[in-house]
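I have placed the structure first, in the form of structure tokens, so that the comments after it can refer back to it.
Nothing in this text is a laboratory measurement; each read-out follows from the coordinates by a stated rule. No experiment lies behind these values; they were computed from the predicted model shown. A quick note on method: Cβ atoms are made from the backbone with ideal geometry, for glycine too, and the neighbour counts reach across all protein chains shown.
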Amino acid sequence: AGACVSDGEPPVHSTPEQTEVAPSRGRTEAQQMNGIIEDRTSVSSALTASRPPGVMGTNQNRSLYRFNKKPKRGIQYLQDQGMLSSTAEEIAQFLHQEDRLDTTQVGEFLGENTKFNKEVMYCYVDQLDFCGRDFVSALRTFLEGFRLPGEAQKIDRLMEKFAARYLECNQGQTMFASADTAYVLAYSIIMLTTDLHSPQVKNKMTKEQYIKMNRGINDSKDLPEDYLSSIYDEIAGKKIAMKESKEFSITPKSTKKPGWKSGQETNGSHPGISGRDQLSECGGGC
């Protein structure tokens, strides 16, 4: 995993200037793909992992309840109780390990544009190891832990960091000319997933259309057709499946130790939504 400092400053490879994809053909292509996603739907997820052993009992319940309503309040409560430090690295580890967090709130928190939220997000992504992983596998792993947030700018920051991290883990081992290529390709895979696997999309994208959509994204050159074809086949055979967001509530007026009740879906009968506006709302690949 990449370095992650805990003194409030992001590591050198994770600075906003290095992480962000410069306005370019790649940026334009990604924006065009957002437009193509009109009337598409999506899927969402949560990371299944062991909860950290140091956060226990009633205070934990209260902190998780607060986080699932207002992430900053939940984190502040944990810090006030001495159960979580203020370092970006430890907060990122908490987001990875605690499987009872609402994945929509995790995504919103990671996507915020404040300095500290971005530092946590950089650490969160840097704690993922994509070394030797194929691109689709890495993207699946990345999208397992949270539901992509509702604003296009937040989605951009997360996808840009993913692209930068993937290339950092696989230096000299990819056919990508730059992180810009990975950024645009990731968007196209998200779109393909929602297109092929949503029952609301009647006219499915063909392999030829998918290949055409990705022309010129590799520094104005094409990625190999057989590579794009293999991506299409993999996504057609296995969607990027994610769990629903979860919501928990504390049992009211109980004489017993407060605990969690299983919540119901809070996002309607379908986990995702459609369209570019829907990409913004559900997070494109959620």
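Around the amide H of N170, modelled in the peptide plane, lies no amide H under 5 Å away from a residue 5 or more places distant or on another chain. In a fully extended conformation the segment linking K70 and T141 would gain 23.0 nm over its present Cα-Cα distance, using 0.36 nm per residue. Computed from phi, the 3J(HN,Hα) profile of the stretch 117-123 under the Karplus parametrisation 6.51, -1.76, 1.60 (θ = phi - 60°) reads 4, 5, 4, 5, 5, 4, 5 Hz, with x in place of Gly and Pro.
Taking every alpha-carbon pair in the stretch 94-187 and binning the separations at 5 Å intervals from zero gives 2, 14, 26, 26, 18, 9, 3, 0 percent. Peptides 110-123, 208-221 ranked from most to least packed give 110-123, 208-221, packing being the mean of other C-beta atoms within 10 angstrom over each peptide's residues.
Amide H contacts of N218: L223, each under 5 Å away and 5 or more positions distant or on a separate chain (H built 1.01 Å from N in the peptide plane; Pro and chain starts excluded). Extension gain, Q209-T58: 0.36 nm per intervening residue step, less the Cα-Cα distance, totals 49.0 nm. Simple spin-label estimate for D219 and K239 gives 3.7 nm between the two label positions (7 Å along the Cα-to-Cβ direction from each Cα). Quick one: in the stretch 58-237, what % of C-alpha pairs are over 22 Å apart? Value for the stretch 58-237 (Cα pairs over 22 Å): 50 percent. This model, with +1 at the C-beta of Lys and Arg and -1 at the C-beta of Asp and Glu, gives the stretch 58-237 a dipole about its Cα centre of some 740 debye.
Between their Cα atoms, which of K161/K204; K115/K239; K72/K118; K115/K154; K161/K238; K118/K221 are more than 22 Å away from each other? Going by Cα-Cα distance, K161/K204; K115/K239; K161/K238; K118/K221 fall outside the 22 Å limit.
Summing +1 for each Lys or Arg and -1 for each Asp or Glu among the other residues whose beta-carbon sits under 11 angstrom from that of S230 gives -4. Counted over all Cα-Cα pairs of the stretch 143-224, pairs farther apart than 21 Å make up 38 percent.
Taking label points 7 Å from Cα along the Cα-to-Cβ direction, D80 and A177 give a separation of 5.3 nm.
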